[in-house]
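Okay, structure first, notes after.
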Amino acid sequence: MTAGRTTSSASQHWCTPPKYVHAIRRFFRGRIDLDPCANKHSIVEAEVEYRLPRQDGLRLEWNFRRIFVNPPYGADRARKTTIKHWLHRCHQAHVEHGAQVLALVPVATNTAHWKHYVWGAASSICFLYDTRLKFLVDGKDGGKGAPMSCAMIYWGERVEEFDRVFSEFGAVLDVRSLLGREFGGQAKKSEQPALSVEGKPAVDVPLKRIAGRGR
């Protein structure tokens, strides 16, 4: 999973720190089915990995039970995508396939992508305590760490278990009371990312969780 500023071949690969990989594996009971933005330095070791530039995880199938996403934090100018496209796919995978999805992303509560795909869409959020989250850079200790606060976001029904696993790493907030509510007003539909998945047309996904779809 690449948490770099871009996904160009010249960029560094910012990989998830081991302590969070271990926690994610505990939460998913030992198995991660999909890492849609992996790289050759990843220690996640999901059953299925999509790796740029050969595979564009945004345009491939996400019909898996347990998904972990550590997306590129910057814009990919070549593909004209940003982090909002990754968060859209996270929510879409839960709504369409009942997937349990975790995403490690910057805290940006005032942005459109949080208003559209986190608030009113996700089930729980862990705001991580790390002063500077130290990603692995190209598979090695990156030193200084990320300049922004980060959070682990969860789309799914196992909120109590999410709290048990991730509360040691940060403040866990159950946001199920917000499910189905709209944040950001009328801009929501007009800003819907339009990406086609291979073999499928681009579709709009309503920001509404399908209850009883836990895996």
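Every read-out reported here was derived from the displayed coordinates using simple, explicitly stated rules and does not represent laboratory data. The structure displayed is predicted, hence computed values, not measured ones. We place every Cβ from the backbone using ideal geometry, glycine too, and count neighbours over all the protein chains shown.
Please label the shape of region 14-184 as rounded, prolate or oblate, based on the square roots a ≥ b ≥ c of the eigenvalues of the alpha-carbon gyration tensor (a/c under 1.5 means rounded; beyond that, a/b larger than b/c means prolate, else oblate). Could you put the intermediate results ahead of the total?
Values: a/c = 1.24, a/b = 1.12, b/c = 1.10.
It comes out rounded by the Cα gyration axes.
What distance in nm separates the two pseudo spin-label positions at residue 75 and residue 164, each 7 Å out from Cα along the beta-carbon direction?
4.4 nm
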